[in-house]
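Okay, so here's the structure we're looking at.
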Amino acid sequence: MKYFFLLIFALFSLVTLAQKSGTITYSFKILEDEKLIKNETIGKFVLQAIEGAKHLKFELTFNDSISEFKLTKNLSLDGQNLEMTILHSRAKKEIYIFKNKIYYNNSGSIFKENEYLIIEPLNLNWVLTNESKIIDGYTCYKATNEYIVDNGKIFKHPVVAWFCPQIPISIGPKGYGGLPGLILELQEWNNVFGVEKIAFSNDVKEIVLPNEGKIITDQEFQNKVREFVKKQF
C-alpha cells in the first residue's frame, strides 16, 4: 500500500489539476472543544460559532490549471450575522491554487482591503497512510499534515485530509492540495470541511488570479498584524 501511494504521488506531483473543470460544494462544522466552551471569556462566542457553522457553505471551483475556494452561502442566524463563524473558519477571502502556490488577498479592518497579496508555496508535507473510509460513495485515504501559526509563539495544529485517488484532481478546501486525489474531507484543528456535491463540467470555468496589493508571504503579513497590534497598546 505504501509503495502504491508513492507511485501515484510521483505521477501527480507535477500536475496541480487534472484536465477537467467543475465545482465541489463543502459543508462546514466546528468540533466541540470543552475547554473552549467552558472558558468564561470566549465560551459563548465559541458556541455561537459552532451553531453558525451549520449555515455556511463553501465552493471549490477549478479548471485545468487553477482553482478557487470561497464562501458562497452565509445565512443569518436569529437575526445575527455569522462573522464569528467565518472568522473561525479562516476562509473569508477567496483562496487560489496555481502552479503549486496559494494566492489570496488580505481582508479585515486592520489594513486597507486588498492592500496585500499573500503568495505561499503549497504545503506538500503530507504523511500518507493506508487508513481508508467511504465518503459519498468514494473510497478515500487518510493523509496528515500540520498548520503552523507563528505569532511570537509557535503553535502547531494537526491537519487531516481524506483524499480520493478515483478523482485525480490534486486540490482541496482552504488552499490544501498536492495529494494524489481530490480532498473530500479536511479537518484543520477543530474545523471540518466535508464534501456535499461534486459537479464536473465539459465547459472550462474561467478563474482569474488576484493581482491587487503588495506581494508578501503569509508570515510577513502576520508580522505586520502583530506590529500593528503592539502599537495600539
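We did not get these values from a lab; they are worked out from the coordinates using the rules stated. Note that the coordinates shown come from a computational prediction; the quantities given were computed from them, not determined experimentally. Here the Cβ is made from the backbone with ideal geometry for all residues, glycine too, and neighbour counts use every protein chain on show.
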When PHE200, PHE221, PHE163 are ordered from fewest to most other Cβ atoms inside 10 Å of their Cβ, what list results? PHE200, PHE221, PHE163
Restrict the search to the range 173-233; then list the GluC sites (Glu not before Pro) that DSSP places in a loop and that have at most 14 other Cβ atoms within 10 Å of their Cβ. GLU206, GLU212
In the range 143-233, the trypsin sites (Lys or Arg not before Pro) that sit in a DSSP loop and have at most 13 other Cβ atoms within 10 Å of their own Cβ are LYS153
Taking amide hydrogens as modeled 1.01 Å from N in the peptide plane, which residues meet the under 5 Å criterion relative to SER201, leaving out close sequence neighbours? SER21, GLY22
Percent of Cα-Cα pairs more than 25 Å apart in the range 54-210, please. 32
